[in-house]
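One structure is given here, and the rest of the page talks about it.
The values are calculated or read from the model by the stated rules, or taken from the named source; none is laboratory data. Nothing here was measured: the structure is a model prediction, and the numbers come from that model. Here the Cβ positions follow ideal geometry from the backbone for every residue, glycine too, while neighbour counts run over all protein chains shown.
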Amino acid sequence: MIPAAPVRDVDYQALEFAYRPCADQRAPRPAHHPVVVVGAGPIGLALAIDLAQRGTPVVVFDDDSKLSTGSRAICFSKRTLEILDRLGCGQRLVDKGVSWSRGRVFFRGEALYGFDLLPEVGHCRPAFVNLQQYYAEGYLVERAAELPAIDLRWKNKVVGVERRDSHVEVGIETPDGPYRVTADWLVACDGARSPVRAMLGLETQGRVFRDRFLIADIRTRAELLPGGASERWFWFDPAFHPNQSVLLHRQPDDVWRVDFQLGWDVDPAEERKPERVIPRVRAFLDASPARGAEFTLEWASVYTFACMRMARFRHGRVLFAGDAAHGVSPFGARGANSGIQDAENLAWKLVRVLRGTSAPALLDSYADEREFAADENIRASTRSTDFITPKSDVSRLFRDAVLGLAKEHAFARRLVNSGRLSVPATLRGSALNTPDVDAFVGEMEPGAVAADAPLARGGEHTWLLHALGPDFTLLVFAPEPPAWAEGGEASVVCIVPRGTRAASGAFEDVEGLAAARYDARPGTVYLLRPDQHVCARWRAPDAAGVRAALARATGDAVRPA
Ligand SMILES: Cc1cc2nc3c(=O)[nH]c(=O)nc-3n(C[C@H](O)[C@H](O)[C@H](O)COP(=O)(O)OP(=O)(O)OC[C@H]3O[C@@H](n4cnc5c(N)ncnc54)[C@H](O)[C@@H]3O)c2cc1C
């Protein structure tokens with residue numbers, strides 16, 4: 001066993017984290033903590049890091065002592081990377097992972113079309129990075145170990161959760177026996193089967209898809225894509241796997257993810273046996289530029305997918321995030337990506353409530369906003385899965401007709417759905433938004449995630465998202481902060497056109513992309529939340545307007561559920 005200390009260049013799959021007895025186990029009465037997080041998967045870890053970076057101590061319980069088994073998630077989205085940048089480990093994912101934005105779709109051996117998920121320049125992060133989930137979790141564990149406010153307890157299984165008006169009581173089992181703690185707030189990030197959900201008698205509801213997919217990670221030195229491309233390739237009904245679909249992703253370490261659709265009437269236990277998996281991979285490779293290539297099987301599993309969510313993500317002092325709260329099929333890479341957005345939405349709100357600067361009703365906005373985002377993900381994921389897995393002969397006929405037309409006709413291409421990929425939800429209807437009073441064009445409406453753009457200051461290149469403060473930020477398109485902004489709660493970031501004389505702290509909009517993306521004119525101001533969402537914008541605000549928008553964004557307008 002090795003301790004949970006920072007480690008580099010390690011076999012993350014083999015890592016085992018030591019169980020350590022703690023003082024709470026010997027305390028005469030249950031110790032009290034502001035926040036406990038159940039589950040050290042990607043979501044629990046991201047939440048704990050965000051809380052700790054904001055100065056809130058957090059105890060994280062995990063019943064296991066290892067990182068995710070097998071690869072599971074491999075596609076981490078631009079927004080996830082931006083959040084992980086704020087949490088101090090985005091660069092490690094980018095350095096290790098395979099960055100990509102392009103893909104191709106094939107039908108019966110014919111190339112239909114290619115797509116680019118990030119066709120514009122001027123973003124720090126790519127559309128996606130492919131990286132095995134255990135690396136992402138390993139980097140998060142290492143980051144957590146750097147933060148003394150995080151107490152990460154491996155082999156601590158939460159076996160009881162009782163809700164009280166003023167606190168939550170938690171029962172834990174360890175190799176040394178049981179103990180109890182109390183907490184102001186408990187966040188269940190304990191995965192799709194969520195024992196906490198079961199302990200509270202709560203349910204998740206939705207739809208299971210009657211189809212099965214073999215997910216095989218193979219290792220080969222051979223090049224599977226022409227010219228060494230890093231792209232997502234999707235085949236409908238290819239000759240090497242007739243009547244089904246196949247998806248290919250490149251991962252680091254010469255590993256490739258191949259997803260084979262199997263249909264409903266197969267025996268999952270049989271299909272995951274190497275003697276069944278290897279011939280499928282062989283047929284696939286022999287139809288690729290890597291014909292005859294040698295490979296080893298890294299990991300294989302057979303899945304059925306469901307789109308589910310809990311009716312409410314907040315139950316008093318217990319909140320649910322990540323797979324515990326919602327689940328989608330992996331076509332679209334929405335599970336971990338949306339869960340990490342849950343974590344960033346919740347962290348700053350919990351901190352405000354704990355500090356008493358916002359009422360607990362602010363946490364209802366977490367539930368409202370992330371339930372809305374989960375519904376959007378479930379809709380997108382359901383549409384993809386319905387297209388990939390037609391439910392009737394008529395749907396299949398329609399699907400194949402669309403595919404047949406897609407090569408020549410742009411309208412048909414828009415109907416093809418091989419798994420639209422994860423983008424963050426625009427929280428349009430959020431009670432925290434101040435509706436526009438001025439006219440704007442473009443995507444930066446209240447509720448949107450702030451767009452990135454290249455900036456410079458003092459000759460140093462930087463990015464708009466890196467310039468934002470950890471709390472509320474006023475993005476001011478002017479050379480100097482307005483007088484009314486002085487001493488306010490929000491920090492101020494001034495942006496000026498390239499070459500403009502400005503206060504020394506101002507950033508230059510080196511390529512004019514910040515002004516273009518924010519439809520900014522001189523004097524335009526945006527108010528951004530700590531999770532980098534736009535919550536208000538004006539052409540020429542005054543102190544009272546900004547104060548009112550801040551009050552709204554910190555919970556004044558949230559009606560308790
Ligand atoms: C094949 C596959 C491919 C996928 N691909 C993608 C992708 O490309 N992109 C993407 O974004 N998502 C993808 N996903 C989804 C992604 O893996 C999940 O959404 C993600 O792991 C959810 O993280 P989580 O932290 O919510 O839950 P988990 O990762 O399940 O972590 C839950 C943690 O809680 C702990 N726990 C459980 N019960 C207890 C208890 N009683 N006490 C203490 N601890 C407990 C567990 O040990 C675990 O560590 C994929 C999933 C699969 C299966």
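Kindly provide the set of residues from the range 369-415 that are among the aliphatic types (A, V, I, L, M) and within 30 Å of Cys535 (Cβ to Cβ), ordered by number. Listed by number, the residues that qualify are Ala373, Ala374, Ile378, Ala380. Looking only at the range 107-117, residues that are among the aliphatic types (A, V, I, L, M) and part of a strand (DSSP E or B) come to 2 in all. Screening Asp211 with (1) acidic (Asp, Glu); (2) over 20 Å from Phe61 (Cα atoms); (3) modelled with pLDDT of 95 or more gives one miss only, at (3). If the condition is being without any contact (Cβ under 8 Å) to a residue 60 or more places away in the chain and not in a loop (DSSP other than H, G, I, E, B), then the range 123-142 contributes Val129, Tyr139. Sub-6 Å Cβ pairs linking a first residue in the range 145-174 that is modelled with pLDDT of 95 or more to a second residue that is in a helix (DSSP H, G or I), at least 6 apart or interchain, are Leu147/Ala52; Ala149/Ala52; Ile150/Ala48; Ile150/Ala52; Ile150/Ala144; Leu152/Ala144; Val161/Val196; Val161/Met199, ordered by first then second residue. What residue, of Val36, Val121, Val58, Val129, is farther than 25 Å from Ala149 by Cβ and modelled with pLDDT of 95 or more? It is Val129.
Listed here are the residues, each with its yes/no results for (1) modelled with pLDDT of 95 or more; (2) within 17 Å of Asp452 (Cα to Cα); (3) part of a strand (DSSP E or B); (4) in contact with a helix residue (DSSP H, G or I) (Cβ under 9 Å, 6 or more places away or on another chain).
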| residue | (1), (2), (3), (4) |
| --- | --- |
| Leu527 | yes, yes, yes, yes |
| Asp531 | yes, yes, no, yes |
| Val534 | yes, yes, yes, no |
| Arg552 | yes, no, no, no |
| Val558 | no, no, no, yes |
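Per-residue answers, yes or no, for (1) part of a strand (DSSP E or B); (2) modelled with pLDDT under 95; (3) of a type in the set (A, V, I, L, M, F, W, C); (4) not assigned by TED's automatic domain parsing to the domain that holds Glu110:
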residue	(1), (2), (3), (4)
Asn417	no, yes, no, no
Ser430	no, no, no, yes
Asn433	no, no, no, yes
Glu480	no, yes, no, yes
Gly499	no, yes, no, yes
Ala502	no, yes, yes, yes
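May I ask you to verify whether Glu120 is acidic (Asp, Glu), more than 23 Å from Ile49 (Cα to Cα) and assigned to a strand (DSSP E or B)? Considered against the rule, which asks whether it is acidic (Asp, Glu), more than 23 Å from Ile49 (Cα to Cα) and assigned to a strand (DSSP E or B), Glu120 comes out as no.
In this structure, Ser422 does not satisfy being surrounded by 18 or more Cβ atoms within 10 Å (Cβ to Cβ), of a type in the set (S, T, N, Q), in contact with a helix residue (DSSP H, G or I) (Cβ under 7 Å, 6 or more places away or on another chain) and modelled with pLDDT of 90 or more.
The selection criterion, being within 16 Å of the ligand (Cβ to nearest atom) and either buried (at least 21 other Cβ atoms within 10 Å of the Cβ) or outside the structural domain of Val37 (by TED's automatic domain parsing) (or both), does not hold for Ala373. Set side by side, the residues Leu131, Leu186, Leu225, Leu214 differ, and just one is under 16 Å from Leu45 (Cα atoms) and not acidic (Asp, Glu), which is Leu186. Checked across the range 94-107, the condition of being closer than 21 Å to Trp348 by Cβ, touching a helix residue (DSSP H, G or I) at 6+ places or on another chain (Cβ under 7 Å), in contact (Cβ under 8 Å) with a residue 40 or more places away in the chain and of a type in the set (Lys, Arg) holds for no residue. Can you name the residue in the range 149-179 that is away from the ligand (no atom under 13 Å from the Cβ) and β-branched (Val, Ile, Thr) and is also surrounded by the most Cβ atoms within 10 Å (Cβ to Cβ) among such residues? For the range 149-179, the residue satisfying everything is Ile150. The residues in the range 405-419 that are of a type outside the set (A, V, I, L, M, F, W, C), in contact with a Lys or Arg (Cβ under 9 Å, 6 or more places away or on another chain) and surrounded by fewer than 18 Cβ atoms within 10 Å (Cβ to Cβ) can be counted, and the count is 2. Tell me, yes or no, whether the range 251-266 has at least one residue that is without any contact (Cβ under 8 Å) to a residue 24 or more places away in the chain, over 23 Å from Lys407 (Cβ atoms) and assigned to a loop (DSSP other than H, G, I, E, B). Among the residues of the range 251-266, at least one is without any contact (Cβ under 8 Å) to a residue 24 or more places away in the chain, over 23 Å from Lys407 (Cβ atoms) and assigned to a loop (DSSP other than H, G, I, E, B), which makes the answer yes. For the range 174-191, check the following and say yes or no: at least one residue is closer than 28 Å to Gln261 by Cβ and not hydroxyl-bearing (Ser, Thr, Tyr). There is at least one residue in the range 174-191 that is closer than 28 Å to Gln261 by Cβ and not hydroxyl-bearing (Ser, Thr, Tyr).
Scanning the range 29-46 for any residue that is without any contact (Cβ under 8 Å) to a residue 12 or more places away in the chain and not aromatic (Phe, Trp, Tyr) turns up at least one such residue.
So for the range 340-354 (the condition being β-branched (Val, Ile, Thr), crowded, with 24+ Cβ neighbours inside 10 Å and within 22 Å of Asn377 (Cβ to Cβ)), does at least one residue qualify? Yes.
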